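Chemist: Here it is, the structure in full.
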Amino acid sequence: MKVVLQRVSSASVTIEGKLNGKIGQGFMLLVGAQDSDGPEEINYLVHKISKLRVFSDDAGKMNLSIEDIGGEILSVSQFTLYADTKKGNRPSFIGAGDPKHAEACYQQFNTALRTLDIPVETGEFGADMQVSLVNDGPVTIIFDTDHK
């Protein structure tokens, strides 16, 4: 799995002109899965993301996790994280997971985050979405379970 994490002061996702999810301070996650992904990758990412210390403590050091600050997550599926741009100018998405499998991984990932009492808002798998965010920092971190 691949996840692009952005620390945000706010984020939202709109589908067909209707607000689908909105958060305040926390993480905006773009989430992609491939066919070889499963519970091991999901558990790894949930642990890393929930414990990631990138929020400032009283001394101004990035020392607090999303759990420590009571933050929220906006999770949006994004198969284009598996774009292959090695040949030509049109990306290939053959590395992205089969949609049914990728959606199951995405849903399981979000459910696992919620079991930690982290509020999770989502987009809609496969939908054309408009995402807005205010990147705080900016802080952007990329997770790839193929390189854990």
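The values are calculated or read from the model by the stated rules, or taken from the named source; none is laboratory data. Remember, it's a predicted structure, so these values are computed and weren't measured experimentally. Here the Cβ positions follow ideal geometry from the backbone for every residue, glycine too, while neighbour counts run over all protein chains shown. Remember, those area values only see protein heavy atoms, side chains included, never the ligands or the DNA or RNA. Shrake-Rupley method; radii C 1.70, N 1.55, O 1.52, S 1.80 Å.
Chemist: For residues that are of a type in the set (D, E, K, R), free of Cβ contacts under 8 Å to residues at least 40 places away in the same chain and in a strand (DSSP E or B), tally how many sit in the stretch 58-114.
Modeler: Looking only at that region, the number is 1.
Chemist: Working only within the stretch 116-148, note down all residues that are β-branched (V, I, T) and either assigned to a strand (DSSP E or B) or under 13 Å from I42 (Cα atoms) (or both). So that I can check it myself, show each step before the final result.
Modeler: Of the residues in the stretch 116-148, the ones β-branched (V, I, T) are 118, 120, 122, 131, 134, 139-142, 145.
Once the filter is applied, which keeps residues that are β-branched (V, I, T) and either assigned to a strand (DSSP E or B) or under 13 Å from I42 (Cα atoms) (or both), the stretch 116-148 yields V120, T122, V131, V134, V139, T140, I141, I142, T145.
Chemist: While we're on this one: Which pairs have Cβ atoms under 6 Å, sit 6 or more apart or on different chains, and link a residue in the stretch 118-144 that is within 17 Å of F27 (Cα to Cα) and in contact (Cβ under 8 Å) with a residue 40 or more places away in the chain to one that is among the charged types (D, E, K, R) and assigned to a strand (DSSP E or B)?
Modeler: P119/E72; D136/R7; G137/R7; V139/R7; D144/K2
Chemist: Taking the condition of being surrounded by 15 or more Cβ atoms within 10 Å (Cβ to Cβ) and over 13 Å from the mean Cα position of the chain (by Cα), how many residues in the stretch 24-37 meet it?
Modeler: Matching residues across the stretch 24-37 total 3.
Chemist: If I filter the stretch 72-103 down to residues being among the charged types (D, E, K, R) and under 27 Å from P119 (Cα atoms), which single residue comes out as most open to solvent (accessible area, probe 1.4 Å)?
Modeler: It comes out as K100.
Chemist: Can you list residue pairs whose Cβ atoms sit under 8 Å apart, with the first residue in the stretch 1-30 being over 21 Å from E67 (Cβ atoms) and at pLDDT 95 or above and the second being charged (D, E, K, R) and open to solvent by 40 Å² or more (accessible area, probe 1.4 Å)? Count only pairs 6 or more apart in sequence or on different chains.
Modeler: S12/K22; V13/K22; V13/E121; I15/E124; I15/D128; E16/D128; N20/E121; N20/E124
Chemist: Only residues that are open to solvent by less than 30 Å² (accessible area, probe 1.4 Å) and among the polar types (S, T, N, Q): list them for the stretch 39-71, please.
Modeler: S50, S65 - these are the residues of the stretch 39-71 that are open to solvent by less than 30 Å² (accessible area, probe 1.4 Å) and among the polar types (S, T, N, Q).
Chemist: I'd like to check something: does the stretch 5-22 contain any residue that is touching a helix residue (DSSP H, G or I) at 6+ places or on another chain (Cβ under 9 Å), of a type outside the set (D, E, K, R), crowded, with 17+ Cβ neighbours inside 10 Å and not in a strand (DSSP E or B)?
Modeler: no
Chemist: Looking only at the stretch 104-122, count every residue that is open to solvent by less than 30 Å² (accessible area, probe 1.4 Å), under 19 Å from Q34 (Cβ atoms) and not aromatic (F, W, Y) and tell me the total.
Modeler: The number of residues fulfilling the criteria is 3.
Chemist: So N43 ticks every box in (1) touching a strand residue (DSSP E or B) at 6+ places or on another chain (Cβ under 9 Å); (2) not in a loop (DSSP other than H, G, I, E, B) but one. Which box is left unticked?
Modeler: Every listed condition holds for N43 apart from (1).
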